[in-house]
1. On alpha-carbon atoms, Rg over Rh for the range A:25-68 using Kirkwood Rh?
2. What residue among A:34, A:24, A:46 has its Cα farthest toward the positive end of the dipole of the range A:2-89, where the charges are +1 on Lys, Arg and -1 on Asp, Glu, each on the Cβ?
3. Once you have the alpha carbon radius of gyration of the protein assembly as shown, what is it after dividing by 2.2 N^0.38 Å, with N set to its residue count?
4. Once the mean 1/r over all distinct Cα pairs of chain B is inverted, what Kirkwood radius in angstroms do you read off?
5. Just from its helices, what would the mean residue ellipticity at 222 nm be for chain A, if runs of 4 or more DSSP H residues each count -39500 (n - 2.57) and the sum is divided by every residue, rounded to the nearest 500 deg cm²/dmol?
6. Taking the Cα centre as origin and putting +1 on Lys and Arg beta-carbons and -1 on Asp and Glu beta-carbons, what dipole magnitude results for the protein assembly as shown, to the nearest 20 debye?
7. Calculate the dipole size of chain A relative to its Cα centre from +1 charges on Lys and Arg beta carbons and -1 charges on Asp and Glu beta carbons; express the result in debye to the nearest 20.
8. Can you tally the lysine pairs in the range B:2-112 where the Cα-Cα distance is under 23 Å and the two residues are eight or more apart, or on different chains?
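Bear in mind these aren't lab numbers, they're just calculated from the coordinates by the rules spelled out. Nothing here was measured: the structure is a model prediction, and the numbers come from that model. When we count neighbours, we look across all protein chains shown, and the Cβ atoms used for this are built from the backbone with ideal geometry, even at glycine.
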Amino acid sequence: MYSLTAVTLLVVMSFALVRAFKGPTLYDRILAVNNFGTKTVLLLAIIDFIAGRPDFLDIAIVYALINFISIIGVLRFFEYARNQTAEEEN
Amino acid sequence: MEIVLDIISWFCLVTGSFFCLTGGVGLLRFPDFYSRIHSASLTDTLGAGLILVGLMFQAGSAIVTAKLIMILVFSLLAGTTASHAMAKAALKSGLAPDDAGGKEKQSEDSISKP
């Protein structure tokens, strides 16, 4: 049953990768990468139970934190960069 | 007792996998950025929550359950916040939702002009 969930998560992660490569806008790519990171956290939690090693849950917690911070950082960067170029054009 | 816990846990895992799968299909096939963000973030909450709750039924010790609860609480907070930030950044940058065929083109033109 764990392996079924793990395979489903891998399929969803491949969908997110396809969207990240195909995405017409920048925000589609950011959304796909965020979804990929969330599914990675779930996959790490599943692997913990498959392998029977409790260390993977710590990695999952750290990955969730880093994923959130990086998404917010990328969004802030592009918001700021866009405003700066708009000011330069004016 | 053991088998009841197993059945509850398997039910949660399978339902959570189903919700994750529908979210992934929606992320791949929906036509618009805002409908994609709707599908991805809405199913993210329930899918991740059900999978983590299903794992909690199988957790042997209290510390594993505590870590799973930490991941659940953080992913509930962070997922909604990131979705909100993405939608706000996209809307502020001028990406128009395509609600009606002709209207979208008009708003795109009016944004790209200045």
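1. Ratio value, two decimals: 1.11.
2. A:46
3. That ratio works out to 1.15.
4. 16.4
5. Helix-only estimate at 222 nm: -32500 deg cm²/dmol.
6. Charge dipole of the protein assembly as shown: 140 debye, to the nearest 20.
7. Here chain A has a charge dipole of around 340 debye.
8. 4
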